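First comes the structure, then the notes that go with it.
The values are calculated or read from the model by the stated rules, or taken from the named source; none is laboratory data. This structure is a prediction, so every number in the text was calculated from the model and none was measured. We work out accessible area using only protein heavy atoms, side chains counted, and drop any ligands, DNA or RNA first. Shrake-Rupley method; radii C 1.70, N 1.55, O 1.52, S 1.80 Å.
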Amino acid sequence: MTAVEVQLAAVDISDEGVEQSGNAVADEAALKKAEANRKKREAKKAKKMAAKGTTAAGDETAEEASPTDGTPKGRWDRGLLPGGRAERRSTGQNRGMGVFAKEAIAKGEVVAAAPPALSVIFEPAAQIVCSFCFDQLPLKDMTSEHVVSLKTSEGSFGVVLDDMIPKGAEQPVAVVTRITTTSANRGIVRVGDRFVAVRGTPIGGGHVAAVTLLKAALEAGASEVEVTVARPAALRCHGCDRVAVCERCAGEGRMQWHNAECAVFQQLPEAATKGRDTSTLRMLLRHKVTTHPSVGEWCATKEPAELLGSLQANPCDVPPAQLDALSKMTGNSLATTLNIIGQIRTNACQIIRGNAKVGCALSVLMGWHNHDCSPNAASVIGPSGEVSISALKDIAEGDEVTISYVDVRDECATRKKTLMQHYGFECKCARCTEELRQELKQRMKEANSYRAGQRR
Ligand SMILES: [Zn+2]
Ligand SMILES: [Zn+2]
Ligand SMILES: [Zn+2]
């Protein structure tokens, strides 16, 4: 029995895995088609492997589906913020819902943090910023060497190898393109790892050479085989050329998650993607894939994308033809498409790395907090890629937690104008009320002295 499964198609490493379908439109049908194509490939592979006497790969759908117990999602649904220090509930006034501290939170402490519901890295930074945690990536094809101990389960390593030629090299190397759900080596090897040596013997070739050495070790009676791997510091998707993931995110299976959205992206008409800024399109696509039952969220603790729909969308005018095209291409309804575009245009928070705007994100946490021109908390996208709400002042239990949607250094009239234009409300916070009162007082004083001057 051959212990190592071999596959040739994998979107994350080579670009052979996805069928190009000219100008297909990525609606529900396209997603289904992508899924069907994937199944077809799986079946073909299984048949091929069966013919070779190898075992078929595991169920990838189960592998890609996110949260198992649904608990974090359940907590969000109940309005409990991650970490449990604050909750969303009615303000009890006519200001709708707000976030309230469930315990005292000291100045500087984190109120809540989670990766944002939706995000996108703009084209110019797509190769140098991780698409999931926004870490800056090394430009070069850097790897670090690790020695791992590969285990077998029922005679199989459950690791799928393929050939790749690293940048600047001439010889192919064996690269891990997939790890099956039943593999004993999940967490030991990662997708993207390149096999360098088996038990200290250099492989000196691609997956065929690697398999030969692994088989020899098994035939010699080994239950574990020491393999030296070169682990890349970043994986770049050659399917869409717009997504890269850091080593840590790769280890957590994010590139495998990306394959689902990449498959749909690659079916979009060339006119919509080639040489264009596709950030809005990709954000809409990510929304569709994330809320699609066959794929789901890429991580269980992130903000659930479907909650974005519960946030107030700001009015925006998108030409009907453009709206219609975006809705059809991404498979989101017209209402959802308009809602998300509205949020991107006004609510999106910038992802800044190395002093540059590299992308933007839509956050449920930020949207849940009400605005105040003298807020007791602030929101940032921290170095870990999470949206983090942190206390600017000591917050008492039961206090409402507020953030500012505008630059608090702006003067009252400017703040009010921005809030009305972008968020459609008139700010009546304590600071605005006080500043307005002072201004009126000043004006009355001026008017009085003017009248007094006239009487003289
Ligand atoms: Zn990352
Ligand atoms: Zn891709
Ligand atoms: Zn105000």
Over the stretch 136-292, what is the relative contact order in percent, taking alpha-carbon pairs closer than 8 angstrom and at least six residues apart? 22 percent
Flagged links, alpha-carbon separation over 30 Å, of 328/428; 416/441; 102/357: 328/428; 102/357
Expressed per residue, the solvent accessible area of the stretch 255-413 in Å² (1.4 Å probe) is about 40 Å²
Sticking to Cα atoms, compute the Rg of the stretch 168-307 to one decimal and its Dmax as the biggest Cα-Cα distance, whole number, in Å. 18.4, 56
Starting from the Cα gyration tensor of the stretch 186-229, take the square roots of the eigenvalues, sort them a ≥ b ≥ c, and report rounded, prolate or oblate (rounded when a/c is under 1.5, otherwise prolate if a/b is larger than b/c, else oblate). oblate
Counting only the heavy atoms of the protein chains, how much of residue 279 is accessible to a 1.4 Å probe, in Å² to the nearest 10? 10 Å²
Using amide H atoms built 1.01 Å from N in the peptide plane, name the residues 5+ places from residue 112, or on other chains, whose amide H lies under 5 Å from its own. 389
Given backbone amide H placed at 1.01 Å from N, residues whose amide H is under 5 Å from that of residue 356, ignoring those fewer than 5 places away on the same chain, are none
Extent of the stretch 326-456 along each principal axis, from alpha carbon coordinates, in Å, largest to smallest? 73, 39, 34
Amide H to amide H under 5 Å from residue 80: which residues, 5+ apart in sequence or cross-chain, H placed 1.01 Å off N in plane? 88
Rolling a 1.4 Å sphere over the protein heavy atoms, what is the accessible area per residue of the stretch 158-226, to the nearest Å²? 45 Å²
Carbon-plus-sulfur fraction of the accessible area of the stretch 310-454, 1.4 Å probe, in percent? 54 percent
Computed over the stretch 181-230: relative contact order in percent, which uses C-alpha pairs under 8 Å that are six or more apart: 46 percent
Please work out the Cα center distance from the stretch 191-242 to the stretch 333-363, rounded to the nearest Å. 40 Å
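Mean separation of Cα pairs under 8 Å and 6+ residues apart, divided by the residue count of the stretch 310-453: what relative contact order is that in percent?
17 percent
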Run the 1.4 Å probe and let me know the accessible area of residue 227, rounded to the nearest 10 Å². 0 Å²
Take the alpha carbon atoms of the stretch 428-449, find their center, do the same for the stretch 377-401, and report the distance between the two centers in whole angstrom. 31 Å
